[in-house]
1. As a footprinting exposure proxy, order S162, S246 by other Cβ within 10 Å, with the fewest listed first.
2. Which Cα, out of S162, H181, T136, lies furthest along the positive dipole direction of the range 109-193 (beta carbon charges, K/R +1, D/E -1)?
3. ³J(HN,Hα) across the range 291-296 via Karplus (A = 6.51, B = -1.76, C = 1.60, θ = phi - 60°), whole Hz, x for Gly/Pro?
4. Please rank H189, H115, H242, fewest neighbouring Cβ atoms within 10 Å first, as an exposure proxy.
5. With a 10 Å Cβ neighbour count serving as the proxy for reagent exposure, in which order, fewest first, do T56, T263 appear?
6. Mind checking the full-extension length gain between L91 and E196? Use 0.36 nm per residue of separation minus the Cα-Cα distance, one decimal, nm.
7. Please list, ordered by chain and number, the residues whose modelled amide H lies under 5 Å from the amide H of Q138; skip anything fewer than 5 residues away on the same chain.
8. Can you list residues whose amide H is under 5 Å from T263's amide H, if they're 5+ apart or on another chain and H is modeled 1.01 Å from N?
Amino acid sequence: MPLPGPPSHVNCWVVEDGDGWLLVDTGRSDEPTRELWREIFATSLDNRPITRVLVTHFHPDHVGLAGWICAERGVPLLMPRSEWQRTRILLMEDEAELTALFIDLQRRAGATPDHLAWLWEEGFTYGRSVGPLPRTYQPIGEGDLLRTRGRKWRVRIGAGHSPEMACLHDEAGRLLISADHILPRISPHVGLQPTEPDADPLGVFLAALESFSRIPADTHVLPSHGEPFHDLHGRIAALRQHHEVSLARLAAGLTDRLTPGLTAMDALPLLFGRSFTGRQLTFALAESLAHLALLDSRGRARRRQTPEGVWRFEKGATR
Ligand SMILES: [Zn+2]
């Protein structure tokens, strides 16, 4: 399904399920995506019904049209509990208050006044790309077994990118639907969230990545963005190394400066070697904060809040 910005598309999966089809993820809620689904329903499913819709996590490109499809087809929604709750809460939240919450974290990250003004202008847009979500659903969680025609899927939670993202592993069929947890070319966005400013999402992500290395190496991976791929263990190692290299660069940057310490904004060139604007800057700052939070939890950095409410990170006690 198409997306307006990078990574330009999201992969949704159609899995044979009894006499019909289980859908995994739906695309964002907009007219072009609805039109594509109508076309698929009419022409590509052998006149067999949709049986249920499974959504991996609360991000708009995955959950956007879930409510519409469930209502339209009269089928149940399956979703991890905290992902369903997060979607429901975000849809009910006051947009101005949520925008203020996001801006507060970006200010702590050292964002420029220009960027903060841009964020006010832009506003928090979740409800514009996610339709209403059913009030009832079937919760799925780590280790649950999901039977579809000829396959047994084990639910594996890939946390970090979102609170409780569901991946599906068919061990006998050597298949893994990896959602956004393990992607072939890009590293999934792992950012500090304004609702949990003291969390360590990158630590959570790396631990979940580690647990996926117990999945057999000859597993074919179906990611939410990019092409299906084979080299699961190589990809896990590459993602881990990518973050460890970034963390090492960042830690070295902290040692080179004494006071007043680095902001997440100061850390962008160390982490990414480039600068950003707009939406990309918002995401980059959240990722920068996640890296600094992990250094903090490892004792390599220490967070200090300035009187202006900006977080500055200094070299930690352990080295
Ligand atoms: Zn996502």
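Coordinate-derived values only; no laboratory data. Predicted model only: the values in this text are computed from it and were never measured. A quick note on method: Cβ atoms are made from the backbone with ideal geometry, for glycine too, and the neighbour counts reach across all protein chains shown.
1. In order of increasing Cβ crowding within 10 Å: S246, S162.
2. T136
3. My calculation for the range 291-296 gives 5, 5, 5, 5, 4, 4 Hz in order.
4. Lowest count first: H242, H189, H115.
5. Ascending number of Cβ neighbours within 10 Å: T263, T56.
6. On the way: separation 105, 0.36 × 105 = 37.80 nm, distance 1.84 nm.
Roughly 36.0 nm would be gained on extension.
7. Amide H neighbours of Q138: L77, L78, M79.
8. So T263 has HN proximity to F313.
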